[in-house]
Amino acid sequence: MSNADFIRGLADIGAWGVSFHDDDLMTFGAPESQRRAELDAFKKVLDETGVVCSMATTNLFWHPVFKDGAFTSNDRNVRRYAIQKTLRNIDVAAELGAPTYVLWGGREGVESAASKNPADALSRYKEALDFLCGYVNDKKYEIRFALEPKPNEPRGDTFLPTIGHAMAFINELEFPDMVGLNPEVAHETMAGLSFFQGVAQALWQGKLYHIDLNDQKIGRFDQDLRFGSEGIKDDFMLVRLLENSDYNGPKHFDARPYRNEWGNGIWDFARGCMRTYLALAAKAREFDQDPRVKEALSAASVPELAESTVGSYSTATADRLLNEQFDVAALAARGYANEALDQLVIDRILGIS
Ligand SMILES: [Mn+2]
């Protein structure tokens, strides 16, 4: 099936947008005239279908030139080539109006820890990001970058392995406001981490620029399963978090059909991702409107966590706190009614009342 067939098929089942790697769209290493024709064909089908180009990214992992890394390859010319390949595709992203440019450092890592000084690698990663931001500013493009963390695969140990590592790294960049995150369900789950907690912190820090939705079992290879097909309770909480947040970026599915699927199955897969997201969003609204849930949240003191604990420091507030009497036995004895609250989550997912 051609790219045009895929886009028409996605438009038919109600998809709003598509994303692309440079090499998906334009043949790697082809003459500029051929690449231009391929890009124009893509633009034409977007125009015809009304499908939006929501995000662009560079393939810096497939070609063997990147086997030791792209922005962090030990070979300086590979690093320069990786940045050149990215700059060229940023021009394409701007031409297509993609507001977000994702960077997944699939090859940025090691098998042998002796093979790279991690501090040098992070410095080169920062240098690349600073340069890309400088280019976007120079060209006056309306583009922000989103880093996609992943703990391993295809490398043994990847640089910027988790949401937390990536957010801390962004603080070291020259243009931290231009760089946020594209966290992916499968990647955090591979590391055994809670994707919900990671996304919640990214939102809290104003760094959720994009999101890759799929599904995954802990401790496996990168499965990229249909959204909602595995961790249904985690997915419910994630959708509720996104729907109740100010995140207004794409709900982007970076997933693939089961490997034994055939032609028509890819459309079952694509419909399933969207269907489950929308169903969970409806269930999240029901959950939040249920008076029993409001009572259970109150019994668990959930609203109380939104109240300030001590306020700003002053000598007076410190003196008041130091002189306060606490009934520690009573505080220790109370319950938090989490079982009842959590059962309401399960009841809502199961659709029982
Ligand atoms: Mn992804």
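The values are calculated or read from the model by the stated rules, or taken from the named source; none is laboratory data. This is a predicted model, so every value here is computed, not measured. Cβ sites come from the backbone with ideal geometry, for glycine too, and all protein chains shown count toward neighbours.
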* Asked: Of all residues in the range 125-163, which are of a type outside the set (Ser, Thr, Tyr), closer than 23 Å to Cys53 by Cα and crowded, with 16+ Cβ neighbours inside 10 Å?
  -> Leu129, Leu132, Cys133, Val136, Ile143, Arg144, Phe145, Ala146, Leu147, Glu148, Pro149
* Taking the stated definitions as given, is Phe71 over 24 Å from Arg144 (Cα atoms) and either in the same structural domain as Ile143 (by TED's automatic domain parsing) or in a strand (DSSP E or B) (or both)? -> no
* Is it true that Leu280 is more than 16 Å from the ligand (Cβ to nearest atom), in the same structural domain as Ile170 (by TED's automatic domain parsing), in a helix (DSSP H, G or I) and in contact with a helix residue (DSSP H, G or I) (Cβ under 6 Å, 6 or more places away or on another chain)? -> yes
* Gly311, sole failed condition from (1) surrounded by 14 or more Cβ atoms within 10 Å (Cβ to Cβ); (2) assigned to a loop (DSSP other than H, G, I, E, B) -> (1)
* To do: Kindly provide the set of residues from the range 80-97 that are among the hydrophobic types (A, V, I, L, M, F, W, C) and closer than 17 Å to Asn137 by Cβ, ordered by number.
  => Ile83, Leu87, Ile90, Ala93, Ala94
* **Residue satisfying condition, being in contact (Cβ under 8 Å) with a residue 12 or more places away in the chain, of a type in the set (A, V, I, L, M, F, W, C) and not in a loop (DSSP other than H, G, I, E, B), within set Leu39, Leu60** => Leu39
* Residues (within 16 Å of the ligand (Cβ to nearest atom), part of a helix (DSSP H, G or I) and either within 24 Å of Asn244 (Cβ to Cβ) or of a type in the set (Phe, Trp, Tyr) (or both)) located in the range 159-208 -> Ile163, Ala166, Val185, Ala186, His187, Glu188, Thr189, Phe195, Gly198, Val199, Ala202
* Can we say Phe221 is among the aromatic types (Phe, Trp, Tyr), modelled with pLDDT of 95 or more, surrounded by fewer than 17 Cβ atoms within 10 Å (Cβ to Cβ) and at negative phi? -> yes
